[in-house]
1. For the structure I just gave you, tell me whether residue 277 is modelled with pLDDT of 95 or more and within 16 Å of the ligand (Cβ to nearest atom).
2. So if I check each of 240, 188, 199, 272, which one is within 16 Å of the ligand (Cβ to nearest atom) and more than 16 Å from the chain's Cα centre (by Cα)?
3. So which residues in the range 100-117 are surrounded by 13 or more Cβ atoms within 10 Å (Cβ to Cβ) and either modelled with pLDDT under 95 or assigned to a loop (DSSP other than H, G, I, E, B) (or both)?
4. Could you please let me know if residue 77 is free of Cβ contacts under 8 Å to residues at least 12 places away in the same chain, in a helix (DSSP H, G or I) and within 16 Å of the ligand (Cβ to nearest atom)?
5. Which members of the range 151-186 meet the condition of being outside any loop (DSSP other than H, G, I, E, B) and of a type outside the set (A, V, I, L, M, F, W, C)?
6. Name the single residue, out of those in the range 154-179 being out of contact with any strand residue (DSSP E or B) (no Cβ under 9 Å at 6 or more places or on another chain) and closer than 18 Å to residue 265 by Cβ, that is surrounded by the most Cβ atoms within 10 Å (Cβ to Cβ).
7. Got a number for residues in the range 118-150 being more than 21 Å from residue 98 (Cα to Cα), more than 16 Å from the ligand (Cβ to nearest atom) and part of a helix (DSSP H, G or I)?
8. Look at residue 206 and say whether it is under 20 Å from residue 141 (Cβ atoms) and touching a residue at least 24 places away in the same chain (Cβ under 8 Å).
Amino acid sequence: MAKLINGKEIAASVRKRVRFEAAELREKTGVVPGLAVILVGDDPASKIYVGNKKKACLEAGFNSFEHILPAETTQQELLELIERLNEDPAVHGILCQLPLPKHIDERAVIAAISPKKDVDAFHPVNVGKIMIGDYDFLPCTPAGVMELIHSTGVSVGGKRCVVVGRSNIVGKPMSMLLLHENGTVTVCHSKTADLADECRRADILVAAVGKAKLITADMVKEGAVVIDVGMNRDSNGKLCGDVDFENVEPKASFITPVPGGVGPMTIAMLMCNTLTAAKLAAKL
Ligand code: BQF
């Protein structure tokens, strides 16, 4: 029987600390952290995520600036909005909800965000800083996963860590954070010759693919820490992760549920990054 990693509870305690520090910042400097969230189009999942971010801002005592744009918005219009937000002193963090409509170049949009306000840490400058271990912001999901791993008391140093998935948003930065903590890191992907074999070696297994129940019990070592970043819908429309939770859970030492695992931590770490951006802007 695995111990459940309660992401919802851990995220709530992170958000409580952020709220306290934001109040302190306000008393000392008058600065109220401000987060601008841009949503282009009406993808239903994206709308929920943007709503979660707004709610977290308001609960933390931050200002939330929502920019909901129609799907037909041109790249030029979006870049002009980002330019205005870059120059707005009330805005400390800017994020553009991904994915963007196909006619907009995501890379150009990310590159337009001031690195100082890039609370998703997707800008090439911030990605580079993460590589060399000298950063102000960590990408929210990998940072949240590290917090969840820390909560188990299991140290990463010397452990075999297997990350399944190599996206710029999760897999790649995730592997770097595990490496920074002296894990021995393997990154698996769609061309990996024997995924099950690689996964079975893992002391710490992070699944970030986007395929429901890809990680089955036969792929998990007895006693492994299993972190599920997946957000999928099963055939019944129920939210489920990349891990076959029911069958993997008895083998794992610790495991995250979906929902209530990594997802809430992503939001909590976004609040941390926005607070950091506000503190840096206030030269604290
Ligand atoms: C929960 C995201 C895929 C692609 C783009 C809490 C969130 C999700 C789940 C949430 C996610 C996933 C976000 C739960 C933000 C995490 O209770 O389990 C919160 O809002 N997330 C996103 O902004 O973009 C995504 C997943």
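The values are calculated or read from the model by the stated rules, or taken from the named source; none is laboratory data. These numbers were taken from a predicted model, which means no experiment stands behind them. Cβ atoms come from the backbone with ideal geometry, glycine included; neighbour counts cover every protein chain shown.
1. no
2. One residue alone meets the criteria, 240.
3. Matches in the range 100-117: 100, 101, 104, 105, 113, 114.
4. On the way: free of Cβ contacts under 8 Å to residues at least 12 places away in the same chain: yes; in a helix (DSSP H, G or I): yes; within 16 Å of the ligand (Cβ to nearest atom): no.
Taking the combined requirement at face value, the residue does not satisfy it.
5. 151, 160, 171, 172, 173, 175, 180, 184, 186
6. Of the residues in the range 154-179, the ones out of contact with any strand residue (DSSP E or B) (no Cβ under 9 Å at 6 or more places or on another chain) are 155, 157, 167-169, 173, 177.
Still in the running and closer than 18 Å to residue 265 by Cβ: 167, 169, 173, 177.
On the way: 167: 15, 169: 18, 173: 25, 177: 23.
Checking each candidate, the answer is 173.
7. The qualifying residues number 4.
8. Considered against the rule, which asks whether it is under 20 Å from residue 141 (Cβ atoms) and touching a residue at least 24 places away in the same chain (Cβ under 8 Å), residue 206 comes out as yes.
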